[in-house]
Every structure is written in C-alpha cells, then in structure tokens.
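> Structure incoming, see below.
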Amino acid sequence: MIGNFKVITLCGSTKFKDDFLRIQKELTLQGNIIISIGSFEHYDKEIFTAETIEMLGEMHKRKIDMADEIYVINKNGYIGNSTRNEIEYATLTGKKVNYMCASSKKTQISGRT
C-alpha cells in the first residue's frame, strides 16, 4: 500500500490491449494505483529482439515486486506461458492473484504472451 492506495500490477497477454485499458481505468477509479505493461506488441504487431523480450519480462517482475497484488487479464480464460510465469512469480513472492475471468483454472496455455 502507498498511503491508502493498494498497488496492483496488471498481467496478461499483450493481445488484450482493450481489456488492459478498460481494467486499468476501472481499478484506478476504484482507488487503486495501477502498474501496467509498457507495450502491446501482439496487439500492435510489433516484433522485438530476444534481448528486448527478456528485458521486458524482467522489468515486469520488478513491477510485480512493487505491487501488493496482481490482476490477471485472462480473457476467455486464456493464459499464455509468460503470464503463467508471472502468476507463479507473484505467488512465490506472496502476492495476491486476482483474475478477470473466474475460469482461470481451465486456462489455455499457449505461446509467449
């Protein structure tokens, strides 16, 4: 917590840009400080080098470190490999994990998110 504000890091596939923006706004208006991703490479069809992808992954772990909890944007229950790794990291570091879709236990694991 920072002051009276809970800090939440958003996690999920970068193909769900519209959901990220909507949930970021909703959670902010509920009185939370939101940390999000800096690029929507799948949605924007950007191609990054392996080094950049690795850097962004490590940076996102630091964002998780700064948060009280994470919020997983798992549209239609989808969770890719990178997001699954972020959930595991958050769990190992004692962060609460919330999901956009309650069907998270029946998630599709596929590729890099």
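> Collect the residues in the range 66-102 that are surrounded by 19 or more Cβ atoms within 10 Å (Cβ to Cβ) and aliphatic (A, V, I, L, M), keeping them in residue-number order.
Answer for the range 66-102, where residues must be surrounded by 19 or more Cβ atoms within 10 Å (Cβ to Cβ) and aliphatic (A, V, I, L, M): A67, I70, V72, I73, I79, I87, A90, M100.
Let's see how each residue does on (1) of a type in the set (S, T, Y); (2) over 11 Å from the mean Cα position of the chain (by Cα):
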| residue | (1), (2) |
| --- | --- |
| G12 | no, no |
| K15 | no, yes |
| I33 | no, yes |
| F48 | no, yes |
| R62 | no, yes |
| N74 | no, no |
| T83 | yes, no |
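> Sort out which residues of the range 27-71 are of a type in the set (V, I, T) and either more than 20 Å from K96 (Cβ to Cβ) or in contact with an Asp or Glu (Cβ under 8 Å, 6 or more places away or on another chain) (or both), and write them in order of number. Write out each step before concluding.
Our first condition is that a residue be of a type in the set (V, I, T); within the range 27-71, this holds for 28, 33-35, 37, 47, 49, 52-53, 64, 70.
Hits for the range 27-71 are I47, T49, T52, I53, I64, I70.
> Please go through the range 14-26 and pick out each residue that is without any contact (Cβ under 8 Å) to a residue 60 or more places away in the chain and touching an Asp or Glu at 6+ places or on another chain (Cβ under 9 Å).
Residue satisfying the conditions is K17 alone.
Here, each number is a calculation from the coordinates, and none is a lab measurement. All values derive from a computational prediction rather than experimental measurement. Reconstructed Cβ throughout: ideal geometry from the backbone, glycine too, with neighbour counts over all protein chains shown.
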